[in-house]
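Notes follow once the structure below has been shown.
The values are calculated or read from the model by the stated rules, or taken from the named source; none is laboratory data. Keep in mind the model is a prediction, meaning the values are calculated, not measured. A quick note on method: Cβ atoms are made from the backbone with ideal geometry, for glycine too, and the neighbour counts reach across all protein chains shown. To get the accessible areas, we keep the full protein, side chains included, count just its heavy atoms, and leave off ligands, DNA and RNA. Shrake-Rupley method; radii C 1.70, N 1.55, O 1.52, S 1.80 Å.
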Amino acid sequence: MHVLLILMMLAVLAIARTRNLFSVIVLSGIYSFLMATVFVALDAVDVAMTEAAVGAGVSTVLLLGALHLCRSDEAKPTHRPWIPLSLSTATAAMLIYGALGLPGFADPDAPIHRHVVPRYLQNEIDIPNVVTAVLASFRGFDTLGETAVVFTAGAGIIALLRRRKKNGKEGNPDAG
Amino acid sequence: MTHFTYMATVFLMVAGLYIVIARGNLIKKLIGLSILQSSVFLLYVAPGKLLGGTAPILSPEFSLYSNPLPHVLILTAIVVGVATLALGLAITVRIREAYGTIEEDEIVALDQDDFHDRPENQS
Amino acid sequence: MQDDLVLRVIGKILIPYILLFAVYVQFHGDFGPGGGFQAGVIFATGIVFYALIFGLQQARAVISDGFVEAMLAAGVLLYAGIGVAGLLLGGNYLDYFVLSSDPIHGQHRGIFWVELGVAITVCGVMIKIFYMFASHGDGGEHRQ
Amino acid sequence: MSISAHLPVLQVVLPLISAPLAVLLRHGGFAAAIVTTGAWAAFAAAIGLWLQVAESGTLSYHIGNWAPPWGIEYRVDRLTSFVLLLVSGTAAIVLPWSRASIEREIPQELHYLYYAMFGLCLAGLLGITITGDAFNIFVFLEISSLATYVLIAMGRDRRALTAAYRYLIMGSIGATFIVIGIGFLYLMTGTLNLADMAVRLREVENTRPVLVALAFLTVGISLKLALFPLHQWLPNAYTYAPSAVTAFLAATATKVSVYVLIRFYYSIFGESLVFEQLPLPQIMLVLSLLAMFIASFIAIFQDNLKLLFAYSSIGQIGYITLGLSFGSVTGLTGSIVHLLNHGIAKAAIFLLIGGLVLGLTRPGTTPVVPGFDRLAGLSKKMPLTCIGIVIAGLSLIGVPGTAGFISKWYLILAALEQGQFWLVGAIVLSSLLAVAYVWRFVEVAYFSPPPASSTDIKEAPFSLLAPAWLLVIATLWFGLDTSFSIGAASDAARQLLKTGS
């Protein structure tokens, strides 16, 4: 897993340094794919499947589609990024400060393993995939919200991209 | 183990954050935002792992399972992330149509021209 | 791309399996990884493939814009409607126990329908976004 | 089933369902009817909940019949029902108003989507307010945020697009920070239910992850509530969004974020942690003062009426966070009551400006927010609109007899309680800046001669004036009769600080 994490960090560094947007999009697809592999290593198979489908699949297609419509490469930065750098450093310091106080990795006595979750693993509604059971039933309202988020994005994109009145000829689908 | 995973997560988060706030290209910013959002997934999922545990799909052969609750939360977060990305890209496409560029500096310059050239003249 | 014979043949063979796989992911979600969201994405991928190989117009003839837009709404309504059904049957909102005389069976029934709701909305949104992005550039009034 | 037992969930679900119904029908008129009905139903539910909470105390509703902390809980206390009333009430007033204005501002074929987005935004804001589950806050925050980005981007000016983009970036960073904060809390307590979390947090109170969670939640929520200097998304978003959207957002979106901040500070972390472990109150005091002075000062020099009042909003948010920084019942009462008092005054102003913009635009052309030169002598042509703006403006200043005075009075009392006399001076001094920016409107609308070309300008129609004036009257009402507003706010404050009630 260390190797995967190091590869991901390298991918992100490459994304930050590359100005050709096509390469950046490909790199971000690779990043998502690595992330999905890490999730498999962490036993999160449902998450891995979704990250692969969404991060490496849907997002990449969307980005390529948008790039096709915008035809752009990143311009050279014009000013020195001191403010973003200092903000990022401060955030990193905070995160490290907090992360070092967290329960140890894979500690079976950590609160997240002792509280709430044991009941989910008792399989009281007879659904072997606990993730599905929690997602659709115990925390079903979150999933209703999630569906509403997807719906919001879909309807919002219709509102943003709908051709105004003068419908042009539609054909050539090579934008995807 | 523990420290390296957390440090890697922090690095990814901060790199994502840096790309969002430092870069001027609207598509690149959105990619940075995705990296920021997706690195948070690790913060939730990694602590859920138990050594010797398996994926939380119950079966008589196993008795130790990794924590399913973070998985559920992150499934939702992934969906929210891609919804945000899609919407952001749609707005970017419209900006490109309206301004002819997706570089933040150029857009700001165009807006300032607007402000001086045609202050609310109605046609 | 629409004229490439090899692609068309491969597409004709492959796409039904993609759609079938989506259905499998949808209904196997109780036992293995997968569920409504993943199934919706995979199903939409099949349609997108179809549009890429046979042309957007052809795809829009098969699955019209109006239908896709109805899908977006129908999934959310189905999900929210299951919640309302719980209310009408005397339980709390999204209470699946009351959906059947056997509470466990009620849970299974509830999960089945809400997962279907998720799949419908997700699939509709993915197809719609593809349609919007794919057809957007062709008007060309803003571009060289 | 009895409806009253399910009011908490109906409160959110009714407007949520109205949105997909509007999309399914694909018709502007039907969509307007459905979403407006949904908003009124939500308002009725909020009134019902208000009465229930007053009678029987805090309510808890178990969604899916799963007991917390395993399932998601809806929890309604005094503060919750107060904010629910504000949000759903504003929507119930703004939606009928928007009928006439979007006719001119948004293309016909997008009307049903406008209403769908409005319904989603409303449902999201109500969901954030009522939920008792940390992750559920994030989900509903994203529903309302995504809907808001679209609503802002629907404005006619191209700057609406860049404003929406900027808000999307800053809002998403804020939401991610909130998720990081919730993540740390979850890892330390093992629960997502807020009430359960508050109890379990006592055992790990002074650990580093909890302090970091507090910091990230503070920054994330401050981004959403536009606390100075994290406010950069707000001015253009308010200015270029359609008028009805501006009015709704100004009265609700930032207010709900303040509510979330109060919830985390007082119900989860507890005032001992927030006010003693970290220099948070001091930081917040300084930022609030900066907002009150700098944003109000910038407002004075704006040539666009909407932009002027957008900067005024940032300044007014400063008063709200100022009240929080005291950590006392009086200060909190002032903050909570200012949520309402500022909300209705700002909604009234933006609705009236919306009517003014339409009145100044010839039929068939795109409405543009006018510069000050075009407002000259407008009080003769649109007397009711202008006097309404002035009255609501007096409330922003805090003139006695208006609602704004009550809020400032409580803030001053809170400052006196702590013996910080200089703060009293600061509050009064910053109000003078509000006098200056409101005066700019009065001067041009009342004391400048109207240009010769303005003969065809008419007063806004009744359908635009009536909802706006309802809010103006409310501003005066809450300035004179404080039994509802102060009663509710002080009850809520006492409940939060657990000093009886």
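Could you check the stretch C:28-41 and list, in sequence order, the residues that are more than 7 Å from chain A (Cβ to nearest Cβ) and without any contact (Cβ under 8 Å) to a residue 40 or more places away in the chain?
C:28
Considering only the stretch D:1-48, state which residues are outside any helix (DSSP H, G or I) and farther than 19 Å from residue D:60 by Cα.
Selection gives D:26, D:27.
How about the stretch A:19-38: which of its residues are hydroxyl-bearing (Ser, Thr, Tyr), touching a residue at least 12 places away in the same chain (Cβ under 8 Å) and more than 9 Å from every other protein chain (Cβ to nearest Cβ)?
Matches in the stretch A:19-38: A:37 only.
Only one of these conditions is not met by residue C:40: (1) surrounded by fewer than 19 Cβ atoms within 10 Å (Cβ to Cβ); (2) assigned to a helix (DSSP H, G or I). Which number is it?
(1)
Against the condition over 18 Å from the mean Cα position of the chain (by Cα) and in a helix (DSSP H, G or I), how does residue D:114 come out, does it pass?
It is true that residue D:114 is over 18 Å from the mean Cα position of the chain (by Cα) and in a helix (DSSP H, G or I).
Provide a single number: the residues in the stretch C:88-111 that are assigned to a helix (DSSP H, G or I), without any contact (Cβ under 8 Å) to a residue 24 or more places away in the chain and open to solvent by 10 Å² or more (accessible area, probe 1.4 Å).
So the first thing to find is which residues in the stretch C:88-111 are assigned to a helix (DSSP H, G or I), and the list is C:88, C:97-99, C:103-111.
Restricting the remaining residues to those that are without any contact (Cβ under 8 Å) to a residue 24 or more places away in the chain gives C:88, C:97-99, C:103-107, C:109.
With open to solvent by 10 Å² or more (accessible area, probe 1.4 Å) added as a condition, the list becomes C:88, C:97-99, C:103-105, C:109.
Number of matching residues: 8.
Is it the case that residue A:107 is within 30 Å of residue C:107 (Cα to Cα) and either assigned to a loop (DSSP other than H, G, I, E, B) or outside the structural domain of residue A:16 (by TED's automatic domain parsing) (or both)?
Taking the combined requirement at face value, the residue does not satisfy it.
Condition first: over 23 Å from residue D:465 (Cβ atoms), open to solvent by 20 Å² or more (accessible area, probe 1.4 Å) and part of a helix (DSSP H, G or I). Can you find one or more residues in the stretch D:368-377 that meet it?
Within the stretch D:368-377 (the criterion being over 23 Å from residue D:465 (Cβ atoms), open to solvent by 20 Å² or more (accessible area, probe 1.4 Å) and part of a helix (DSSP H, G or I)), the answer is yes, since at least one residue qualifies.
When you go through D:125, D:120, D:151, D:168 one by one, which is the residue that is more than 10 Å from chain A (Cβ to nearest Cβ) and within 19 Å of residue D:251 (Cβ to Cβ)?
Exactly one of D:125, D:120, D:151, D:168 is more than 10 Å from chain A (Cβ to nearest Cβ) and within 19 Å of residue D:251 (Cβ to Cβ), namely D:125.
Scan the stretch D:483-501 residue by residue and report those that are open to solvent by less than 40 Å² (accessible area, probe 1.4 Å) and in contact (Cβ under 8 Å) with a residue 40 or more places away in the chain.
D:485, D:486, D:488, D:489, D:490, D:491, D:492, D:493, D:496, D:497
Regarding residue D:424, is this residue open to solvent by 20 Å² or more (accessible area, probe 1.4 Å), within 23 Å of the chain's Cα centre (by Cα) and not polar (S, T, N, Q)?
Taking the combined requirement at face value, the residue does not satisfy it.
Check every one of the helices (runs of 4 or more DSSP H) wholly within the stretch B:1-116 and list those with 2 or more residues that are over 17 Å from residue A:8 (Cα atoms) and more than 7 Å from every other protein chain (Cβ to nearest Cβ).
Answer list for the stretch B:1-116: B:68-99.
Taking the criterion of being in a helix (DSSP H, G or I), more than 7 Å from chain B (Cβ to nearest Cβ) and either modelled with pLDDT under 90 or under 17 Å from the mean Cα position of the chain (by Cα) (or both), would at least one residue in the stretch A:71-82 satisfy it?
yes
Residue C:28 is checked against (1) modelled with pLDDT of 90 or more; (2) over 21 Å from residue B:82 (Cβ atoms) and fails just one. What number does that condition carry?
Result: residue C:28 fails condition (1) only.
Residue D:27 fails exactly one of the following numbered conditions: (1) touching a residue at least 40 places away in the same chain (Cβ under 8 Å); (2) under 22 Å from residue C:85 (Cβ atoms). What is the number of that condition?
Condition (2) is where residue D:27 drops out.
Select from the stretch D:93-110 the residues that are open to solvent by 10 Å² or more (accessible area, probe 1.4 Å) and either under 13 Å from the mean Cα position of the chain (by Cα) or of a type outside the set (Val, Ile, Thr) (or both) and list them in ascending order.
D:96, D:99, D:100, D:103, D:104, D:105, D:107, D:108, D:109
Determine whether residue D:229 is surrounded by fewer than 24 Cβ atoms within 10 Å (Cβ to Cβ) and over 30 Å from residue D:347 (Cβ atoms).
No.
Out of all the residues in the stretch A:117-139, which are open to solvent by less than 10 Å² (accessible area, probe 1.4 Å), within 11 Å of chain D (Cβ to nearest Cβ) and not in a helix (DSSP H, G or I)?
Selection gives A:125, A:139.
Report whether or not residue A:148 is free of Cβ contacts under 8 Å to residues at least 24 places away in the same chain, surrounded by 24 or more Cβ atoms within 10 Å (Cβ to Cβ) and of a type in the set (A, V, I, L, M).
Yes.
Suppose the filter is touching a residue at least 24 places away in the same chain (Cβ under 8 Å), buried (at least 24 other Cβ atoms within 10 Å of the Cβ) and more than 22 Å from residue D:479 (Cα to Cα); does residue D:334 pass it?
No, not satisfied.
What's the total number of residues in the stretch A:39-62 that are within 7 Å of chain B (Cβ to nearest Cβ), part of a helix (DSSP H, G or I) and not polar (S, T, N, Q)?
Going through the stretch A:39-62 one residue at a time, the tally reaches 9.
Please work out if residue D:352 is within 14 Å of chain B (Cβ to nearest Cβ), in a helix (DSSP H, G or I) and buried (at least 24 other Cβ atoms within 10 Å of the Cβ).
In short, no.
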